[in-house]
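The next block holds one structure in the form of structure tokens; read it before the comments.
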Amino acid sequence: MKRNLFIIILVTLLMLVFVFKFDRNKSVVSSNYLGVIKNAPSMQDLTNSRQVNLSEYAGKYVIVLEVWETWCPACKKSIPELIKLYDSFKKFEKIKNNVVFFSFVSNSSGSNSDIVNFIKQNGINYPVLMDNSYYISKNFGVRYIPSLFIIDKEGNLRYSKVGPESSSILEAELFKILK
């Protein structure tokens, strides 16, 4: 009886190890996001109508990513804080030359022109990338929005937050990473 229970537990544990070790295509289970960023598809920046390849920034910059949608009330509270952070980082040479900001939306926010109007109405002055394939959301394991991530130059997740966060806290986190 004890031996059968032991075998059942052992087999269950082995199955769990197998599932977690080899089921990596649903979301990133590693703390290293460099590969995710390098393999991201090209996306349109709705703030200036240019194509952005995240691979150009991987390993060279600390990357601040936020996933949001125009219809999300919490996102509307988060956006002004990221604008403040983006504006304040320009004053600090250490941050300015080492950090990039990207926001990601999908077509669930409306048409491109609807999203561009939202960007203008809310004074968003950092890149907003159209991620219709939900590549970032899937690979960063986003379940709730807004979701914010700060990735260091080595591709390690150094900070994440679901929901709005004050620009002063985000600025402090960036300075910790850049030390």
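The values are calculated or read from the model by the stated rules, or taken from the named source; none is laboratory data. As the structure is a computational prediction, the values presented were derived from the model and not from experiment. The area values use the complete protein model at the heavy-atom level, side chains included, leaving out ligands, DNA and RNA. Shrake-Rupley method; radii C 1.70, N 1.55, O 1.52, S 1.80 Å.
At a probe radius of 1.4 Å, what is the per-residue accessible area of Asp87, in Å² to the nearest 10?
Result for Asp87: roughly 70 Å² accessible.
Can you give me the accessible area per residue for region 84-144, using a 1.4 Å probe, in Å²?
50 Å²
Non-local amide H neighbours of Ser103 (under 5 Å, H modeled in plane, Pro and chain starts lacking H): which ones?
Under 5 Å from the amide H of Ser103 lie the amide H atoms of Glu66, Val128, Leu129, each far enough along the sequence or on another chain.
What percentages make up the Cα-Cα pair-distance distribution of region 35-140 when the bins are 5 Å wide from 0?
2, 12, 23, 25, 21, 13, 3, 0
Per residue of region 46-54, what does 6.51 cos²θ - 1.76 cosθ + 1.60 with θ = phi - 60° give for ³J(HN,Hα)? Whole Hz please, x for Gly and Pro, Karplus curve as stated.
Per residue, the Karplus-derived 3J(HN,Hα) values read 6, 7, 8, 6, 10, 7, 10, 10, 4 Hz.
At a 1.4 Å probe radius, carbon and sulfur cover how many percent of the accessible area of region 66-179?
Solvent-exposed carbon and sulfur of region 66-179 make up 52 percent of the total.
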